[in-house]
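Engineer: The structure under discussion is supplied below as structure tokens; questions concerning it will follow.
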Amino acid sequence: MRANFLILGGGVGQLPAIQKAQALGMNAVVVSNDPHCIGGSIADYFECVDTTDFEGVEQVARQYKVVGSMTMSNDVAVPTSCYVNEKLNLPIQGKALIQLATDKYLMREKFATHQVNSPKFYQIRDSDDLIFVKHKLKSALETESFIVKPNDSSGSRGVSRITTSEELDEAVQYAVGFSRNKSVIVEEFIDGVEIGAQTFSVDGKIIYCFVHNDKVSNMVPIGHSFPSVYTKEQVSRIEEECEKALTSLGIENGPSNIDIIIDSDGVPFVIEVGARLGATKLPELVMLHSDIDLTTLTIQLASGQKVECLPVTKNEAVAVEMITVDQDGIIEKIGDVSSLVRKYQPVDFELRLSEKQKITKLKSGQDQYGHVIFTGTSAVEAEEKCAEFITECLSLLDICRIETQVL
């Protein structure tokens, strides 16, 4: 009899988990509040339940007697998965992760307690907090910038950078609109290079730590590449901070997606940790780079199976870039994309666009319309191939611009 495995979410980002669970001989049970989600169409069992509904998802898990649960690239579903796993005594990533998984303030408090190198921060929950933070930042903003973000959102939604105290009110209101608990984090802006790390832990030990280069636009990650451009000594220092961060949060098993900034002195600052696999095709990129299948390992560990963590013997240069646009509009016509693919021959390519489709310029991780992946002799060369391909791809789109009316 095939075991049932629960995947929280049915969007494009969850498809690898659904397909890998099935390839491992399990039934994929998918929950999503979208009855027409693509994941529901290929799942063995589908239930229309919101991934943030703790009790609703728990009921599904009990109904199907699942052997484990997980989510890919969906921060808001991580606490629900943690809750279900604890309630049903299933394999867990660590204790007390339900709140820490999405509460950025609690996460930063843990970082501070364990001396993780991380930006200084404040929380705004009400008008009194706002007044206090304004006072604290008044002089600091003369020489520094700060980032304002929702306390419990993901995908770079609701994030702003401020350089004056006058900008704080508007930035807070913008962030609150994306926060379920109406709480906001204000943190020091670290001027440096954004990178990331994909880790995988077993019994409290980091088995893999893949440090990758990031491409960022408007504070939204739109690309990644391997191998890291940093020296062995620098990578070692990054890995040390990653280990401290995971220890501070009590993450002992499974994957983590870690956002990092390297400042002008080469010092790594941990910005956030997601107790999940990375988005924007990162598991696929790790596989091409190292031959290590983090998705399969995550499913095996989450379902109570023994995992075989092989040594990394491959070091392929590879890059991915997401397809984004710089204007709001409607797709009138799409040119001959197939000839472009024949010309460049990417490792992988997907364009999620159709004629008459409305598109929006990049504001968050939701405003992405596909991806392209290339290998190369170096990470830089692979990145350049991605950028060149996407430039030509966008030139094939006939977009009717939607002008924003000013009242």
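Engineer: Excluding residues on the same chain fewer than 8 positions from K314, give the lysines whose Cα lies under 18 Å from its Cα.
Structural biologist: Of all the lysines, those that pass the test against K314 - Cα under 18 Å, at least 8 places apart if same chain - are K232.
Engineer: Still on this structure, I have one more. Below 18 Å, Cα to Cα, which aspartates and glutamates can K333 reach? Residues fewer than 8 away in the same chain don't count.
Structural biologist: Filter leaves E350, E355, E392, D398.
Engineer: Starting from the amide H of N27, placed 1.01 Å from N in the peptide plane, find each other amide H under 5 Å away whose residue is 5 or more places distant or on another chain.
Structural biologist: When sequence neighbours closer than 5 places are left aside, the close amide H contacts are A3, N4, F5.
Engineer: Relative to the present Cα-Cα distance, how much length would full extension add between T113 and L394 at 0.36 nm per residue of separation?
Structural biologist: Numbers: separation 281, 0.36 × 281 = 101.16 nm, distance 4.69 nm.
Computed gain between T113 and L394 is 96.5 nm.
Engineer: Mind jotting down the distance between the C-alpha centroids of the range 351-407 and the range 292-343, whole Å?
Structural biologist: Rounded to whole Å, the Cα centres lie 15 Å apart.
Engineer: What does the net charge come to around S378 if you take all other residues with beta carbon closer than 13 Å to its beta carbon, with K and R at +1 and D and E at -1?
Structural biologist: Numbers: positive: K385; negative: E316, E381, E383, E384.
Taking every other residue near S378 into account, the sum is -3.
Engineer: Ok, one more. Near E187, within a Cβ-to-Cβ distance under 9 Å, what is the net charge of the other residues, with Lys and Arg +1 and Asp and Glu -1?
Structural biologist: Taking every other residue near E187 into account, the sum is +3.
Engineer: Just from its helices, what would the mean residue ellipticity at 222 nm be for the chain, if runs of 4 or more DSSP H residues each count -39500 (n - 2.57) and the sum is divided by every residue, rounded to the nearest 500 deg cm²/dmol? All intermediate terms of the calculation are to be shown ahead of the outcome.
Structural biologist: Working: 13 runs with 132 residues, N = 407.
Calculated at 222 nm, the ellipticity per residue is -9500 deg cm²/dmol.
Engineer: (1) 1.17; (2) 0.96; (3) 1.04: which one is Rg/Rh (Cα atoms, Kirkwood Rh) as calculated from this entry?
Structural biologist: Label (2) holds the value from this structure.
Engineer: What does the charge add up to near G40, with Lys and Arg as +1, Asp and Glu as -1, over the other residues with Cβ less than 11 Å from its Cβ? Intermediate values should be presented prior to the final figure.
Structural biologist: Details: positive: none; negative: D34, D44, E47.
The answer is -3.
Engineer: Still on this structure: Quick check: the distance between the Cα centres of the range 64-121 and the range 142-193, to the nearest angstrom?
Structural biologist: Result: 22 Å between the Cα centres.
The numbers here are math on the coordinates, done by the rules we state, and not lab data. This one's a predicted model, so the numbers in the text were calculated from it and none came from an experiment. For neighbour counting, all protein chains shown are included, and Cβ atoms are generated from backbone atoms with ideal geometry for every residue, glycine included.
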